[in-house]
1. Can you name every one of the helices (runs of 4 or more DSSP H) wholly within region A:64-138 that holds 1 or more residues which are of a type in the set (Val, Ile, Thr)?
2. For region A:235-336, which strands (runs of 3 or more DSSP E) that fit wholly inside it have 1 or more residues that are surrounded by 20 or more Cβ atoms within 10 Å (Cβ to Cβ) and in contact with a Gly (Cβ under 7 Å, 6 or more places away or on another chain)?
3. Could you give every pair whose Cβ atoms fall below 6 Å, whose first residue belongs to region A:481-503 and is free of Cβ contacts under 8 Å to residues at least 24 places away in the same chain and under 19 Å from A:Thr523 (Cβ atoms), and whose second residue is open to solvent by 40 Å² or more (accessible area, probe 1.4 Å) and part of a loop (DSSP other than H, G, I, E, B), counting only separations of at least 6 or pairs across chains?
4. Of the conditions (1) surrounded by 16 or more Cβ atoms within 10 Å (Cβ to Cβ); (2) within 13 Å of another protein chain (Cβ to nearest Cβ), A:Val9 clears all except one; give me its number.
5. Just to verify a result, which residue in region B:337-355, among those that are β-branched (Val, Ile, Thr) and in a strand (DSSP E or B), is modelled with the lowest pLDDT?
6. Scan region B:98-140 residue by residue and report those that are of a type in the set (D, E, K, R), modelled with pLDDT of 85 or more and over 31 Å from the mean Cα position of the chain (by Cα).
7. Checking A:His79 against (1) closer than 30 Å to A:Ser112 by Cα; (2) in contact with a strand residue (DSSP E or B) (Cβ under 7 Å, 6 or more places away or on another chain); (3) more than 7 Å from chain B (Cβ to nearest Cβ): exactly one of these is not met. Which one?
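The values are calculated or read from the model by the stated rules, or taken from the named source; none is laboratory data. Just so it is clear, the model here is predicted, and its values are computed rather than measured. Glycine also receives a Cβ, built like all others from the backbone with ideal geometry; neighbour counts cover every protein chain displayed. Ligands, DNA and RNA are excluded from the accessible area calculation, which covers all protein heavy atoms including side chains. Shrake-Rupley method; radii C 1.70, N 1.55, O 1.52, S 1.80 Å.
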Number of protein chains: 2
Amino acid sequence: MREISSGEVLSLCKRRGFIYPAYEIYGGIAGLYDYGPLGTALKSNIIELWRRIYALQEGFVEIDGDNVGPEAVFKASGHVDSFADLSVTCKACGESFRADHLARGLHPNPDSLTREELQKLLRDNNRCQCNGELADVEEFNLMFKTKIGPGNGRTGYLRPETAQSIFVNYTNLYRHCRERLPFGCIQVGRGFRNEISPRQGVIRLREFNMMEAELFVDPEDKTWPRYAIIKDNKVRLVPNEGEQEVETTYGEAVERGIIGNQTLAYFMWVTYDFLTSAGIDPARLRFRQHLKTEMAHYASDCWDAEALISFGWTEMVGIADRGCWDLSRHMEHSKADLTAFKRFEGPKDVEREVVRPKFGALGPKFKGAAGDIKKQLEAMDVSAVHDGLVTVVVEGQNVNLDSTYYEVARVKEKVNGVKVVPHVIEPSHGLDRILYSCLEHAYGEKEDGYVTLSLRPLVAPIKVGVFPLMSKDGMEEVARALDIALREEGIATYYDDSGSIGRRYARMDEAGTPWCVTVDYDTLDKGDVTIRDRDTAEQVRVSADDVVAFVKERLRRKLSL
Amino acid sequence: MREISSGEVLSLCKRRGFIYPAYEIYGGIAGLYDYGPLGTALKSNIIELWRRIYALQEGFVEIDGDNVGPEAVFKASGHVDSFADLSVTCKACGESFRADHLARGLHPNPDSLTREELQKLLRDNNRCQCNGELADVEEFNLMFKTKIGPGNGRTGYLRPETAQSIFVNYTNLYRHCRERLPFGCIQVGRGFRNEISPRQGVIRLREFNMMEAELFVDPEDKTWPRYAIIKDNKVRLVPNEGEQEVETTYGEAVERGIIGNQTLAYFMWVTYDFLTSAGIDPARLRFRQHLKTEMAHYASDCWDAEALISFGWTEMVGIADRGCWDLSRHMEHSKADLTAFKRFEGPKDVEREVVRPKFGALGPKFKGAAGDIKKQLEAMDVSAVHDGLVTVVVEGQNVNLDSTYYEVARVKEKVNGVKVVPHVIEPSHGLDRILYSCLEHAYGEKEDGYVTLSLRPLVAPIKVGVFPLMSKDGMEEVARALDIALREEGIATYYDDSGSIGRRYARMDEAGTPWCVTVDYDTLDKGDVTIRDRDTAEQVRVSADDVVAFVKERLRRKLSL
């Protein structure tokens, strides 16, 4: 089959009602697309498949948070301070560009340049397409900003990822999951990035759909109970050392330290299982490890599930071990206690150091204030001792005390457990990219231009085309009854009685409908119908009464349990 | 059962994981709530029920549009110019209020006052709670505003309703639905209103979930094929004349002109069927017609489905005949052709007036330009004739021509149909309110404080609690297998092996789980289990092999076809 272009796929998308450029009657807006009837159904079906895996199979809970959030949240997450691209605007025509994109060809790796370096490079070498002069290179924060409430209001942002809604609800979720690690939470929702100049269709959007899973685990235990079932499966990896693609098993990759831990490996397999079930071609799917330079500084390991599409190898899912970064930051900024209590098997004797006041010295020196100073010292952690001094507050003034007034003593205590900040393993899915890649991988065009979308039946927007051969002699009634029987079972159908059967097949092939059922004269005599398979074009005769069972059987998907 | 307060319900919501105040660790934000695990599942189930009715039963298509939109769209929809509340801010403490809310008690109907009148009233009579002086009353547009793109960008807004995404996609949808009226489109998604000072929990939110249906119909034909099946059903109405509640039938209400047309009546019934299936108590549900003063000026009829909850009678769904307003506005603003072609049964002879050039006069007068003027005149509609003159453009200049140069002639033509701007019937659902009201109507508390949520099985977040009596002697294995068998069928379960069976029942009753299955010693002998019904507390013994069928049977819902 010949190579296809994203233009051909997007043109089919528009023609068949998968994806429409948004606000087209008002000239459209780059980076905004709407899902049409078939796209919305395809999207819902992909989400259902994903929920089936994460909720029903893996036991994650699901929440649904807000798109609008206050500044404090995104201060804590780091997005206010460092979620920016460098932008440059033409002084003449006013168009804006990503500075690193304009510098391509001028430098081997423009991403690595500072603002000043990029500015110099562009000033010396580049002008706008309109031949206008370029203004200064500026940092542009990619969050959409707004105000919450009247007057000057509070600054708010549209969330750049759904994950923060899960982190800020950590305490609620921990309680809901009965205060035990590990537990996982998923969310399906919108993310927003005010891209400077989005291209590449639905691959880079200003408003996009995400499916994120956050798994909270014991920092000291990243084994996974079900790891054993998947460890011998093959996997195609591009590790960050060597850049050579290797085919190995999950088990071997964990043992050799290529994949950081069992839990990460297990969710890479879950990702593979999900993506290929949704319709990504296994031959065009791999996992690429983030380069050390590319990885967020807090992540200890990160892999992208990449699919090969007309834009090249493209990230579909990022699977990262984010350590304690997210919860620690929110603890620091909100002062809330976002820990888990790790209970020991039985109470343990623990020795620890404490600060102990010397009341004999404090009394004479501080008189009436001595009681209060004693309390301050008792509440103090040993980490508060610096160079033999501790600081207390006496009548609003800081006072340093030396070891005349306190001592550091070792005490033995019985404790039942310890507080830990859970680590987070995050599989984060770009739903629009996955959907689009399923369409590209399903797209087939014959030499005569005949297009078939071989979408996986489980995600296909329409499962069955129902046709009466002609709308007479009782064929219509039988077809209508069959159509209703299918819909009763929640199976999406398309009833079509116009044009030749060949044209009706063609419409359904282009819409990715796996089966077409035709009611003909034989049906009236013998009670059977023709079921035609989209991919093989084979036709079988099946009793009309068995059509629902035929379709349901083929839409079944076992859980991996 | 005693009356319950919204506080009790919201407290259960938080405790059980239905609804959490958003961003609570950062102090929260009024009007923003997140759905917890049970709330998210309940919400998904309500959406699925709704889709089943609108997509599978009524044949509507579904789209999914963007939350962020450009100013032009909301100029056309009227939201930029007239989607505002009057706000007043305290000069001392900075708090903002809705001016009409502050004026309650000072005037019988503060909604009806102008900005100036409200200002005078508040100045004379009111101060802030902090005793501070109030600033001027100001118009505050309720849309969240943002910028799309870098630099000064383009002004964008978060959509205040999902409907506009459907209207701007009209042409795509009309084509998708094979250019025939009527056709319907639904959408599930977020809407945003930057409320001045939201109260009332999830009833008035700054970010909310909507389910909107837009039905495009022939303006001259508002009959509905399936009206006959529903017209004899009873309905409880509060018509806008008299304000007296009447119980009648849909059919009688249409005949007597109380409900505007058949289509509106049919979708009022669909709304009733949906709401009561979701769990709104029929005894606390009615339809109230908008008062003439309350109705949008373009709507020809509008009914609110209202449920009685602790906040009083509250709108759940608005069902309006919006006429041609939406599409006409977008035609005017975008210049796109948003009409439908209404094909006649056969070609019709139509007489119409046309502007016809008199070339004999144009040639001598305008020489070389005469050909172009002829074309302009031929393309002209007769409505362009004013006071016997028409205006043409000659070498960039407007020139008025009198009837020396043209005539208005009557011509006969064969035409196959006529363009019409479809009318829109809109059932618009406030999903959060519906979900909350289902919770309130399901809430039951015994004298000893024991809480049961009698959610309808179809929407209940967890369908089955699965309990081994004890985790030993093989009971755990049987219970686990049963749990998996249920989840294989897509049925959400909660496996619980901790605490007494009574405590486990209590947890499930509070979560609204309709059935609990217990595996005990008898199961090991005879293979049967106990199924306990939440609402009757009755227990039946059923073969473990039949549990899946038992539950599936009870979750079935026929389409009304």
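1. On the way: elements: A:71-76, A:79-82, A:99-102, A:115-125.
In region A:64-138, the matching helices (runs of 4 or more DSSP H) lie at A:71-76, A:79-82.
2. Numbers: elements: A:246-249, A:285-289, A:301-309, A:312-323.
Filter on region A:235-336 gives A:301-309, A:312-323.
3. So the pair list comes out as A:Ile484/B:Leu561.
4. Going through (1) surrounded by 16 or more Cβ atoms within 10 Å (Cβ to Cβ); (2) within 13 Å of another protein chain (Cβ to nearest Cβ) one by one, A:Val9 breaks only (2).
5. Here is the first cut: in region B:337-355, the ones β-branched (Val, Ile, Thr) are B:339, B:350, B:354-355.
Filter once more, keeping what is in a strand (DSSP E or B): B:350, B:354-355.
On the way: B:Val350: 86, B:Val354: 90, B:Val355: 93.
Within region B:337-355, the match that is modelled with the lowest pLDDT is B:Val350.
6. Here is the first cut: in region B:98-140, the ones of a type in the set (D, E, K, R) are B:98, B:100, B:104, B:111, B:115-117, B:120, B:123-124, B:127, B:133, B:136, B:138-139.
Of the ones still in play, those that are also modelled with pLDDT of 85 or more are B:98, B:100, B:104, B:115-117, B:120, B:133, B:136, B:138-139.
Within region B:98-140, B:Glu116, B:Glu117, B:Lys120, B:Glu133, B:Asp136 qualify.
7. Here A:His79 meets the rest and fails (2).
Table: residues versus (1) away from chain A (no Cβ under 11 Å); (2) without any contact (Cβ under 8 Å) to a residue 12 or more places away in the chain.
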{"position": "B:Val73", "(1), (2)": "no, no"}
{"position": "B:Gly94", "(1), (2)": "no, yes"}
{"position": "B:Ala103", "(1), (2)": "yes, no"}
{"position": "B:Asp124", "(1), (2)": "yes, yes"}
{"position": "B:Glu139", "(1), (2)": "no, no"}
{"position": "B:Pro150", "(1), (2)": "no, yes"}
